Amino acid sequence: MSDGMLPVIAPFGINWFYESQAENLAQDLTAFGLPAAALASADVAALRARAGDTVLIVNYSECLIAAERAGRRAELNAALERFEHRILVNYDTVYSHWFGNQFPHDAAPVTAVVDLTMVRQVEVPFIRGVPYAWAPEAFSARERASLGRWQAGRPLPWAMLGHATADRAAFLSAAMETLGGDGFAFLPPHRPYERRSGLEAAEIARVLARADLYLWSSHHSFPYHEGFRALHAVAAGAVPAKVDPLNAAHFAHVPWVYPHLQAVREAKERFGLAALYQAAFDFIERHGRLAANVARAIAPWCPAARQLAGAERGAEVAP
């Protein structure tokens, strides 16, 4: 019998990004009043014990891979079939094959998509035949309480972090030419985001806490704002700076998206880093909190979230 906890499954053991986000989301939902538990997709027994109305799935494709490595893919599929609503918590661009991978033909089908992104990707009610809702990317209450604000005197003028690609190598060369060669870059060969990959949350936070700017560029041509990066920057007191020559106009309302590195340098010189950090912080603050956004997005399919959302609306109109 279900214990009333909303399960949030993730590919524990193969991708710390999604593992960490599932834990953060479950913790924030619980603090918000919607009890939730982060579960490894291979922990089928725990998932089966929580079978009920709704399950949240963080990266379905990798959840299946993690369960398959443990020899439990068929069991995972059977456990997921017992839920009425299987909601994909999406962090991918909807235009890519990565998003397509979230809809496997040989597993329990996704019944709704909650797009947890900094910028809404599409203005449609359905995508790939299932309901679509946007949950603005935001800090959890715990993350918001421990922000490290930008202060002058940081030793690194900029930092770049990500797997090595030809495009990123070219971007690094341009950054050194435009912003100076005394920044920091960690571009290891492509490998899974495991705990020993060198790109773990604690290491990222340590680097960004010493950097003025956190630079990145898209590794595809789609109009998509990468998840995590702006939050990681602002949480550590660094100024986010996404450089996207093809889609900068699409993100004109986002204060940290630039058409080229020269524009980053000009903004730094014109406004100063303190003002750029404040603009980024204010933009994210307008998104509210992670749990509230996700609870509202899943309310149509999750009775507990729907009840919580109704209580919130009642509180808003109460005299």
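Quick notes on this one:
- Options Trp158, Trp150, Trp134; residue that is farther than 22 Å from Gln21 by Cβ, modelled with pLDDT of 90 or more and in contact with an Asp or Glu (Cβ under 7 Å, 6 or more places away or on another chain): Trp158
- Looking at Val89, Val110, Val114, just one residue is in a loop (DSSP other than H, G, I, E, B), at pLDDT 95 or above and either open to solvent by less than 50 Å² (accessible area, probe 1.4 Å) or closer than 23 Å to Ala295 by Cα (or both), and that residue is Val110.
Here's the yes/no breakdown for (1) crowded, with 18+ Cβ neighbours inside 10 Å; (2) part of a helix (DSSP H, G or I); (3) among the charged types (D, E, K, R); (4) modelled with pLDDT of 95 or more:
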site: His220; (1), (2), (3), (4): no, no, no, no
site: Ala241; (1), (2), (3), (4): yes, no, no, yes
site: Gln262; (1), (2), (3), (4): no, yes, no, yes
site: Leu276; (1), (2), (3), (4): yes, yes, no, yes
site: Ile284; (1), (2), (3), (4): yes, yes, no, yes
site: Ala292; (1), (2), (3), (4): yes, yes, no, yes
site: Gln307; (1), (2), (3), (4): no, yes, no, no
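- Among residues of segment 155-169, those that are in a loop (DSSP other than H, G, I, E, B), open to solvent by 40 Å² or more (accessible area, probe 1.4 Å) and not polar (S, T, N, Q), counted: 2
- Flag for Pro240 being more than 24 Å from Gly153 (Cβ to Cβ), in contact with a helix residue (DSSP H, G or I) (Cβ under 8 Å, 6 or more places away or on another chain) and of a type outside the set (S, T, N, Q): no
- Hey, Leu187 in contact with a Phe, Trp or Tyr (Cβ under 6 Å, 6 or more places away or on another chain) and either farther than 20 Å from Gly288 by Cβ or β-branched (Val, Ile, Thr) (or both) or not: no
- Test for Arg120: is it touching a strand residue (DSSP E or B) at 6+ places or on another chain (Cβ under 6 Å), over 19 Å from Ala233 (Cα atoms), open to solvent by 50 Å² or more (accessible area, probe 1.4 Å) and without any contact (Cβ under 8 Å) to a residue 60 or more places away in the chain: yes
- Arg229 fulfils the conditions (1) open to solvent by 20 Å² or more (accessible area, probe 1.4 Å); (2) in contact (Cβ under 8 Å) with a residue 24 or more places away in the chain; (3) under 19 Å from the mean Cα position of the chain (by Cα); (4) closer than 30 Å to His85 by Cα except for a single criterion, (2).
- Search result, residues across segment 95-107 that are in a loop (DSSP other than H, G, I, E, B) and open to solvent by 20 Å² or more (accessible area, probe 1.4 Å): Tyr95, Asn101, Phe103, Pro104, His105, Asp106
- Identity of the residue in segment 16-36, buried (at least 22 other Cβ atoms within 10 Å of the Cβ) and over 13 Å from the mean Cα position of the chain (by Cα), that ends up farthest from Arg69 (Cα to Cα): Leu34
- Here Asp53 meets each of (1) free of Cβ contacts under 8 Å to residues at least 60 places away in the same chain; (2) closer than 22 Å to Leu25 by Cα; (3) acidic (Asp, Glu) with one exception, condition (1).
- Options Ala112, Ala133, Ala107: the member that is in contact with a His (Cβ under 9 Å, 6 or more places away or on another chain) and within 15 Å of Arg86 (Cα to Cα): Ala112
- Candidates Leu64, Leu88, Leu80, Leu25 - the one that is among the hydrophobic types (A, V, I, L, M, F, W, C), out of contact with any strand residue (DSSP E or B) (no Cβ under 9 Å at 6 or more places or on another chain), in contact (Cβ under 8 Å) with a residue 24 or more places away in the chain and within 24 Å of Gly100 (Cα to Cα): Leu64
- Residue within segment 134-143 that is in contact (Cβ under 8 Å) with a residue 24 or more places away in the chain, under 30 Å from Ala209 (Cβ atoms) and either basic (Lys, Arg) or open to solvent by 60 Å² or more (accessible area, probe 1.4 Å) (or both) present: yes
- Taken over segment 74-83, the criterion of being within 27 Å of the chain's Cα centre (by Cα) and either within 13 Å of Ala40 (Cβ to Cβ) or modelled with pLDDT under 95 (or both) is satisfied by Leu76, Ala79.
The values are calculated or read from the model by the stated rules, or taken from the named source; none is laboratory data. Predicted model, so just to flag it, every value in this text is computed and none were measured. All Cβ positions, even for glycine, are placed from backbone atoms using ideal geometry, and neighbour counts span all protein chains on display. Only protein heavy atoms, including side chains, enter the accessible area calculation; ligands, DNA and RNA are left aside. Shrake-Rupley method; radii C 1.70, N 1.55, O 1.52, S 1.80 Å.
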